[in-house]
Amino acid sequence: MNLDFIQKLTQIVQDNLENEHFGPEQLAEIIGKSHSTLHRRIKEHSGKSISQFIRAIRLNKAKELLLTDDHTIAEISYKVGFGSPAYFNKCFHDEFGMPPGEFKKKFKSKKTENRYYRIISLLLILLLLIFFLIPNHRFSLFANKNTVEKTIAVLPFNYLGSGKDKEYLAYVMMLEITSKLSMIENLVVLSIPAIDTDSKETDSHLAKKLGVNYLLKGDLHTEDNKMKLIVHLTNTKSGEIEWSDTYNSGLENILDVESNISRAIAQQLNAFITPDEKARIKKVPTLSSEAIDFYQLGRAAHMEYWKNNTDLESLSKAEDYYQKALNNDSTYAQAYVGLAQIAYDKTTWSDIFKNTYLDTVLSLANKALSFDNTLSDAYTLRGDYYRARFSDKAIGQYEQALHFNPNSWQAYYGLGNFFLLKNSIKSAQNILEATKRRRGPEYPIMLDNLVFIFILNGLFDEGQELINRKLSYDNDSMYYFRRLALIEEYKEHFVEATEYALNARSIDSTNLNTNSLLAFNYILLKEYKKATFYNERILQISNNINFKLNNEHHRIGYVYLVNGDTLNATKYFQRQIDASQKLIAMGNAEEALYDLAATYAILNEKDKAFENLRKVQQQNTNLWFIYFYMKNDPLLNAIRNDPGFQEILYRVKTKAETERDKLKSWAIQQELLSPLSLDS
């Protein structure tokens, strides 16, 4: 935990100082961490619980006000969030050894009231606060290193050897050094699977685009069974090379070289490494050099697939190499993780309702952890498994992953997706953290997820700004038009929504979401012939990609009903009921409850419709898009004028507005909408 993080926590508490109800849960929600994770991090670095941390800030502010403010002690207690002056007196006495009245009388004299002594007092209090909250082994005011956040990107190494059969080593060494640095909580490490080496960008321009203040580059030479690696660390603000070294070794010592480089960089950046982190960096995963060779070949091939997920040949090669690594050492935990990831990559999403869904992933991840229980990627895959089943167990797995790898962008991204419809701030916070740690093919997808969160919550101007920024990053106009269409839909501008969606479809006519947008907006425009056309495309595309539809059946059924085909309408309504009930049973109730209510409403089963709408309204959070559907969805026409429906609609709207305002406040707090916030 660095100074920036402590300052951010302190600022959040100070912004909510007069709110006596602001406590650990509210702080955890705004910062985007679970209560247990935030407690662990604060406890580790200050020795305090979250409540004690908040109370210390309140009391130090009270101490300042007692010396500089003419309000009564009771008034000051309310100003710093204590609902009871008596309780404030007790806490102040416990903290500073005297009641606030005595403190004020003893330390506030005529001299201290003049401007000079007031400034001195404030400075002393500030110093006390810093030292009170931050142990000296983590931060020193007199350290000669920069105390700003230490962000580093490890660029793909250049391979300068003559033997092409060893070229993959340059890439794998970059990945392994990135992985080892990622284990250090005191660093923010950006993972970059590939970069345009022909680019003429300067280091400073590249660093600005990546959002880091250090770049690590390397040149690898190999000859016979020997290697020479030259690495240098550049401070992108000064443009100077701060550290450089040359490593000569046999290829059999490649793991030692990677560990030594990682520790040297951490030392150079004055990044504190805990004993556990140091042990994980030095850990030798296998004693078999043959197993290491096969694993490294597998990882290189696997990364080629991640760069291009149509490259199934590379995925097959990776699987073969991982298996060969295990043939040489059956206890090689990382190779099991590789196979588990391949099983996940091969997942058939139409199998979501099968009891055995993703079981192979879970089994291989468990196998890996049976040999090494510190593997972050294995916990992340277990998190993905439980997230696919909509189980809260996913949270604990992702948190374990972040415990062993505080820079795991996959774990942050998994948490972000888990909370997508459950908690907008937690979802956005975790996806934002993922964007800080990854520049691969997933990056624009993560930006699009942030856009999606804003739109779902009715923050259309903010969503528009992020869409424009994403377009400047990847020039993907299909996504751009699709998101604009969604904004116009939620604004109830259905003609404009269809125009944008048609622009998106002209770029890619096979995108399922684009065709769904068109089908629904033509329903809202009562152009049922066009809606029928796009419903047919939805069914065709979902069959082609083996994707199981879960929330389109009732809309398809509605168009059949309007066109007078009650037989097909009834069939699709029943399919929606079955799919929604299965999703709710699995724990995915956020959207499924609404779909179930809408289907019962069009079937004129009003009691069941209201039963499920009340459950929708009672959920912890209601996002703006739920209010939009309740207001506009023609499936609800039969009950829309019912006073009970209007009451539920009002309550959903109120909760949606609250959620929207909270998200906007969070985005301002994070400076998410500032020009450099996403380093685009």
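Structure data summary
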{"read-out": "Filtered residue count, the stretch 611-631, keeping only those that are outside any loop (DSSP other than H, G, I, E, B) and open to solvent by less than 40 Å² (accessible area, probe 1.4 Å)", "value": "11"}
{"read-out": "Subset tally (residues that are under 16 Å from Ala434 (Cα atoms) and in a loop (DSSP other than H, G, I, E, B)) for the stretch 364-413", "value": "4"}
{"read-out": "From Ser370, Ser408, residue being touching a helix residue (DSSP H, G or I) at 6+ places or on another chain (Cβ under 9 Å) and under 28 Å from Asn308 (Cα atoms)", "value": "Ser408"}
{"read-out": "Residue in the stretch 396-405 that is over 18 Å from Gln334 (Cα atoms) and either surrounded by 24 or more Cβ atoms within 10 Å (Cβ to Cβ) or more than 10 Å from the chain's Cα centre (by Cα) (or both) present", "value": "yes"}
{"read-out": "Residue count, the stretch 25-81 (criterion: among the acidic types (Asp, Glu) and in contact (Cβ under 8 Å) with a residue 60 or more places away in the chain)", "value": "2"}
{"read-out": "Search result, residues across the stretch 587-606 that are open to solvent by 40 Å² or more (accessible area, probe 1.4 Å) and free of Cβ contacts under 8 Å to residues at least 40 places away in the same chain", "value": "Leu603, Asn604, Glu605, Lys606"}
{"read-out": "In the stretch 154-195, residue surrounded by the most Cβ atoms within 10 Å (Cβ to Cβ) [restricted to those that are over 19 Å from the mean Cα position of the chain (by Cα) and acidic (Asp, Glu)]", "value": "Glu176"}
{"read-out": "Total residues in the stretch 529-559, condition open to solvent by 50 Å² or more (accessible area, probe 1.4 Å) and under 12 Å from Ile602 (Cα atoms)", "value": "0"}
{"read-out": "Among the residues listed as Glu242, Glu277, Glu313, Glu319, the single one being at pLDDT below 90 and either within 27 Å of the chain's Cα centre (by Cα) or part of a helix (DSSP H, G or I) (or both)", "value": "Glu277"}
{"read-out": "The one condition in (1) of a type in the set (Phe, Trp, Tyr); (2) surrounded by fewer than 21 Cβ atoms within 10 Å (Cβ to Cβ); (3) assigned to a helix (DSSP H, G or I) that Tyr357 fails to fulfil", "value": "(3)"}
{"read-out": "Residue that is nearest to Lys426 (Cα to Cα) [pool: residues in the stretch 451-497 that are among the polar types (S, T, N, Q), over 21 Å from the mean Cα position of the chain (by Cα) and in a helix (DSSP H, G or I)]", "value": "Ser472"}
{"read-out": "Residue tally, condition surrounded by 22 or more Cβ atoms within 10 Å (Cβ to Cβ), hydrophobic (A, V, I, L, M, F, W, C) and farther than 30 Å from Gln617 by Cβ, over the stretch 413-445", "value": "1"}
{"read-out": "Qualifying residue in the stretch 548-555 (condition: touching an Asp or Glu at 6+ places or on another chain (Cβ under 7 Å), closer than 26 Å to Ser509 by Cβ and not in a helix (DSSP H, G or I))", "value": "yes"}
{"read-out": "Filter result (acidic (Asp, Glu) and either open to solvent by less than 20 Å² (accessible area, probe 1.4 Å) or farther than 30 Å from Asp276 by Cα (or both)) within the stretch 41-100", "value": "Glu64, Asp69, Asp70, Glu75, Asp94, Glu95"}
{"read-out": "Close pairs from the stretch 421-438: first free of Cβ contacts under 8 Å to residues at least 40 places away in the same chain and polar (S, T, N, Q), partner open to solvent by less than 10 Å² (accessible area, probe 1.4 Å) and not in a helix (DSSP H, G or I), Cβ under 9 Å, at least 6 apart", "value": "Ser427/Gly32"}
{"read-out": "Asn89 vs. criteria assigned to a helix (DSSP H, G or I), closer than 14 Å to Pro100 by Cβ and in contact (Cβ under 8 Å) with a residue 60 or more places away in the chain", "value": "no"}
{"read-out": "Single match in Leu38, Leu17, Leu59, Leu27 (criterion: part of a helix (DSSP H, G or I), at pLDDT 80 or above and within 16 Å of Ser77 (Cα to Cα))", "value": "Leu59"}
{"read-out": "Conditions (1) open to solvent by less than 60 Å² (accessible area, probe 1.4 Å); (2) under 14 Å from Tyr332 (Cβ atoms): number failed by Lys367", "value": "(1)"}
{"read-out": "Conditions (1) at positive phi; (2) surrounded by fewer than 18 Cβ atoms within 10 Å (Cβ to Cβ); number of the one not met by Glu25", "value": "(1)"}
{"read-out": "Number of the condition not met by Thr380 [criteria: (1) modelled with pLDDT of 95 or more; (2) open to solvent by 30 Å² or more (accessible area, probe 1.4 Å)]", "value": "(2)"}
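The values are calculated or read from the model by the stated rules, or taken from the named source; none is laboratory data. It should be emphasised that the depicted structure is a prediction, and the values quoted were computed from it without experimental measurement. No Cβ is skipped: glycine too gets one built from the backbone with ideal geometry, and neighbour counts run over all protein chains shown. Surface areas here come from the heavy atoms of the whole protein model, side chains and all, with no ligands, DNA or RNA. Shrake-Rupley method; radii C 1.70, N 1.55, O 1.52, S 1.80 Å.
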